[in-house]
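Everything on this sheet refers to the single structure shown next.
Coordinate-derived values only; no laboratory data. Nothing here was measured: the structure is a model prediction, and the numbers come from that model. Heads up, the Cβs are rebuilt from the backbone with ideal geometry, glycines too, and the neighbour counts pull from every protein chain shown.
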Amino acid sequence: MQVFIGVDPHKLSATIEVVDQYETVLARGRFDTNKTGYAAMKKHVASWPDRIWAIEGSGGAGRPLAQRLLADGERVVDVPPKLSARARLFDTGHNRKTDAHDAHAVAAVAVRTKGLRVLARDDDLEVLGMLSDRRSELVSQRVQTVNRLQRLLSELLPGEVKLNLTAPQAREILSRRRPRDLAGKTCKRLALEQLEDLVVIDRRIKASEKELKALVIASGSRLMDLPGIGPIGAARILADVGDVHRFADRNRFASWSGTAPLDASSGEQIRHRLSRAGNRKINHMLHMAALSQIRLDTEGRAYYRRKRAAGKTHLEALRCLKRRISDAVYRQLLHDATTATAGASPGGHCGASLISSAADSHPLISTSDQPLPDPRPRRYAATPRPRKSQHGKPLQRAD
């Protein structure tokens, strides 16, 4: 008998509920996430060898537990918090949010929903994800350090603070100020401490970017061939996407990345609005890629200008460009996956173009802001029908 184990994970504990395919509760439990608690949880469900673990938010609080289960050879699926919230809303119990109710909702989603994301252990992608998160933390830390340094410099030298302050600029500014009072000397000493922290952070960011670039190249991905996609964006996309085949088409990928607009039509008024759903980290990377393409001489800039000439505002044209970049990223991910599966060389298949762009290669092709279905394939080849005379006989062609 196949069972589903709904898990509501936390940092120090995990609440589980075991149900069968008819959502009959077979067992419940709450266990610690340490070594002893994990072993007790595995022993608690050992009587059901055909089991599937359903973890809510396997990319967040449930990530450590999911990785431990995958390392032990368990089958694990990811349950988005939105689906479990819906299941809990329509369940009995006045929508009270407890760990037991959350585990029950996760298990119910696992039973009812087909096509949940099946997790797989990939050490390379895990490393890319951790390094990408670390670089994001370093960038945030750098912003805070620069802000503190700016505040101290504004007290030492009012009116000489520069935008986008760098460590060499701050060092040059501090070298020109020699305070003689106690408050000024203390302020300069604190500024020098912040400057030392800034130098260390810059060094770590540079080393992190170098390591990420080497890992992306080693993975065989050609995402960096896309205009505006650097090693940072490529690493984030690879780490968050994982298996690109989990997206049925480019429209599903655009919905996941938050670049597909939402239908907000009412009556005879047809309109679409900005989608704030999806993976915001990937959406930010695509946004930065769109800004880079507009700034540089690329086909994306030409596409953006055509949209502006058609009457769209800057933000509307930028959103259209982000959607096109999303489609280009999806095509490149599919090409990389196909190349890796076929065992081809890094150059790809013969005749394949190694240059991808957000805008289509044909300058006269029409575009759309909303996701459109792919064209329906033709079942039969179109053959010309012979012309007939009035008597029903085919006419002879005169050369």
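Every residue in the stretch 8-32 that is surrounded by fewer than 17 Cβ atoms within 10 Å (Cβ to Cβ), closer than 21 Å to TRP48 by Cα and polar (S, T, N, Q), please.
Those that are surrounded by fewer than 17 Cβ atoms within 10 Å (Cβ to Cβ), closer than 21 Å to TRP48 by Cα and polar (S, T, N, Q): GLN21, THR24.
Has the stretch 83-90 got any residue that is hydroxyl-bearing (Ser, Thr, Tyr), touching a residue at least 60 places away in the same chain (Cβ under 8 Å) and in contact with a strand residue (DSSP E or B) (Cβ under 6 Å, 6 or more places away or on another chain)?
Narrowing the stretch 83-90 to residues hydroxyl-bearing (Ser, Thr, Tyr): 84.
Narrowing the set further to residues that are touching a residue at least 60 places away in the same chain (Cβ under 8 Å) leaves none.
The answer is no; no qualifying residue exists.
I want to confirm something. Restricting to the stretch 299-327 and keeping residues that are over 20 Å from ASN283 (Cβ atoms) and either of a type outside the set (A, V, I, L, M) or touching a Gly at 6+ places or on another chain (Cβ under 8 Å) (or both), which single residue is surrounded by the fewest Cβ atoms within 10 Å (Cβ to Cβ)? Let's see the steps before the verdict.
First pass over the stretch 299-327, keeping only residues over 20 Å from ASN283 (Cβ atoms): 299, 301-302, 305-306, 308-311.
Filter once more, so that each one left must be either of a type outside the set (A, V, I, L, M) or touching a Gly at 6+ places or on another chain (Cβ under 8 Å) (or both): 299, 301, 305-306, 308, 311.
On the way: GLU299: 18, ARG301: 19, ARG305: 12, ARG306: 15, ARG308: 14, GLY311: 8.
Only one residue fits best here, namely GLY311.
Would you mind stating whether GLU23 is charged (D, E, K, R) and at positive phi? Quick ask: steps written out before the conclusion?
Details: charged (D, E, K, R): yes; at positive phi: yes.
Yes, satisfied.
Does any residue of the stretch 288-303 turn out to be without any contact (Cβ under 8 Å) to a residue 60 or more places away in the chain, closer than 17 Å to ALA254 by Cβ and assigned to a loop (DSSP other than H, G, I, E, B)?
Checking the stretch 288-303: not a single residue is without any contact (Cβ under 8 Å) to a residue 60 or more places away in the chain, closer than 17 Å to ALA254 by Cβ and assigned to a loop (DSSP other than H, G, I, E, B).
Being farther than 21 Å from THR186 by Cβ and touching a Ser or Thr at 6+ places or on another chain (Cβ under 8 Å) is the filter; apply it to the stretch 129-166 and report the residue that is surrounded by the fewest Cβ atoms within 10 Å (Cβ to Cβ).
ARG134
What's the total number of residues in the stretch 35-76 that are farther than 16 Å from THR15 by Cα and buried (at least 19 other Cβ atoms within 10 Å of the Cβ)?
0
Starting from the stretch 318-339, take each residue that is within 17 Å of GLN293 (Cβ to Cβ) and list its partners that are charged (D, E, K, R) and in a helix (DSSP H, G or I), counting only C-beta distances under 6 angstrom and pairs at least six apart or across chains.
CYS320/LYS307; ASP327/ARG250; TYR330/ARG250
What is the number of the single condition among (1) out of contact with any strand residue (DSSP E or B) (no Cβ under 6 Å at 6 or more places or on another chain); (2) surrounded by 11 or more Cβ atoms within 10 Å (Cβ to Cβ); (3) of a type outside the set (D, E, K, R); (4) on the phi < 0 side of the Ramachandran plot that SER275 does not meet?
All conditions pass for SER275, except number (1).
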